[in-house]
Amino acid sequence: MTPTGLVDVHAHFVTDGYVGAARAAGIEHPDGMPGWPDWSVAAHLDLMERSGIEKSYLSISSPGVHFGDDGAARALAREVNEFGARVRAEHPRHFGHFASLPLPDVEGALAEAAHALDVPGADGVTVESNHHGVYLGDPRLEPLWEDLDRRGAVVFVHPTSPPHADDLALGRPRPMLEFLFDTARTASDLLFRGVLGRRPRIRWVLTHGGGALPLLADRMELFRTHFGEGPEDAPGAVEQLGRLWYDMAGTPFPRQIPALDAAFGTERLLYGSDYCWTPAEAALAQVATVDAAPAPADAATWRDLTTRNAHRLFAADAR
């Protein structure tokens, strides 16, 4: 039998213009990584063919599009979003697109979200786990969440370096540890500030199995119930976090996804490659671990499970 094609919700692209803008802002080693990756439509399609990926939803990764100037960030967001929309239009069977927003510029983000979702018809938007220290529960972002909740939008939350990352990361690339902690940090901010409860129609997607969340959810509930964190009448932390969607980018087996399953189940688990920031050979090796893992309880394979979930995520009734 032909294996089920994977739906990759965590796939990235870069353009010469984007990398040039980042370098002009002094970013030669993004998030402490050795340098910028190469990307092309042809190379991405080749990886998809070799790994059995049916469709990839493209987005700009960390450090996003805002390098300090609101006007420049608005222009760069529009530039990369128009490029992503063209790729999607030229290869509709193979590519989707999550539009970048120029946060923490909320006015610019509202305008770009409206344009990207209404004109080229992006499949969702992507935001970072924090934007220059502004985490996703910050009240300043409430107008954006209100608009995206009204739309029932997919919001792909990509981790980025936390404030003071150079001190925290001990000289190591931030994606190794800090990205996983920052995902948990921003999810806790959404939870405890009540955003998840107020904006239930947003389809939040967190990466890398939720980072550290599966191990911290019970501790968060302890602080919620005994120390008064978050709205008193809200559902429990595990219940609220279990309503989010999670991808398996990174090292899903043998430990990451079983931990997620134990905490939140796999009803909202999605596949993610993290290509092109994850090199092609590493992405292929990751797919091999997914295919070799013991089958989940409610599907024949992890391919079947994650692809079925992805179709639910993007279905109209998921709103």
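A few comments on the model shown:
- The H on the amide N of N130, modeled in the peptide plane, is under 5 Å from the matching H of T160, each at least 5 residues off or on a different chain.
- Helix-derived mean residue ellipticity, 222 nm - over the chain, DSSP H n ≥ 4, -39500 (n - 2.57), to 500: -13000 deg cm²/dmol
- Student exercise, the stretch 174-307 dipole from Lys, Arg, Asp, Glu Cβ charges, in Debye to nearest 20: 340 debye
- Once P(r) over Cα pairs in 10 Å bins from 0, in percent is calculated for the structure shown, the corresponding label among (1) 5, 18, 23, 22, 17, 10, 3, 1, 0, 0; (2) 5, 19, 24, 21, 14, 9, 5, 2, 1, 0, 0; (3) 6, 28, 38, 23, 5, 0 turns out to be (3).
- Total formal charge among the other residues, if their Cβ is under 15 angstrom from that of A299, Lys/Arg +1 and Asp/Glu -1: -1
- Order of H158, H66 - criterion: other Cβ atoms within 10 Å of each residue's Cβ, fewest first: H66, H158
- Legend: helices of the chain (whole DSSP H runs) are marked when their alpha-carbon atoms reach 27 angstrom or more along the helix axis and their mean Kyte-Doolittle hydropathy is at least -1.0; marked are 70-90.
- Nonlocal amide H pairs with H12, under 5 Å, H built at 1.01 Å: S59, Y275, C276, W277
Any read-out appearing in this document is the output of simple, stated calculations on the displayed coordinates, not a laboratory observation. Here the structure is a predicted model, which means the values were calculated and not measured. Every residue, glycine as well, gets a Cβ built from its backbone with ideal geometry; the counts of neighbours run over all protein chains shown.
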